[in-house]
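The structure appears right after this line, and notes come after that.
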Amino acid sequence: GSRPRSIAMVPKHSSGASKARVVAQVRRITVQARNVLGTLRGRDATAGTLVVVTPRRGWWNCAGERGGGIACWLEVIRALSDSNPSRDVLFAATSGHELGHLGLEQFLEQRPRLPRGSARLSRMFRVQ
């Protein structure tokens, strides 16, 4: 373990604003982080891979912070499983997003052939 240390933050302020000083006692500990991965095989192995990623957890151990994202990620898994997709789909819920996306970095380092970049889907599901 390491010794607790104090961190003081004094925000910049404009004229007329109040000044604040925050002091926190922190202790850095080493922990084992894990990514949660799953693969859904598609009909055409040559079609390329769709990757669906979400942060697995955040600063707090509570459903309120990441619960919604995990629920949506699980629903995407369910919907794609029911749809018999044409391409392979790789699902990843990564750890360490609050520390510079460490889990995502590890995930990408272990898969150098995955294309880099991202796309935002404005509509994930079509209601029929």
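The values are calculated or read from the model by the stated rules, or taken from the named source; none is laboratory data. Note that the structure is a prediction, hence the values are computed from the model and not measured. Backbone-built Cβ (ideal geometry, glycine too); neighbour counts: all protein chains shown. In case anyone asks, the SASA skips ligands and DNA or RNA and just uses the protein heavy atoms, side chains included. Shrake-Rupley method; radii C 1.70, N 1.55, O 1.52, S 1.80 Å.
Show me the ranking of peptides 24-30, 82-88 by mean Cβ neighbours inside 10 Å, starting with the highest. Could the numbers behind the result be given before it?
Numbers: 24-30: 8.4, 82-88: 13.0.
Ranking the peptides 24-30, 82-88 by packing returns 82-88, 24-30.
Between ALA71 and THR46, what is the FRET efficiency for a Förster distance of 25 Å, r being their Cβ-Cβ separation, to the nearest 0.05?
Given R0 = 25 Å and the Cβ-Cβ separation, E is 0.15.
Need one value: the accessible area of VAL52 in square angstrom, 1.4 angstrom probe, rounded to the nearest 10.
30
How high is the FRET efficiency between LEU114 and ARG28 when r is their beta carbon distance and R₀ equals 41 Å, given to the nearest 0.05?
The computed FRET efficiency comes out at 0.85.
Using the per-residue mean of other Cβ atoms lying within 10 Å as a proxy for protection, in what order, highest first, do the peptides 104-116, 67-79 fall?
67-79, 104-116
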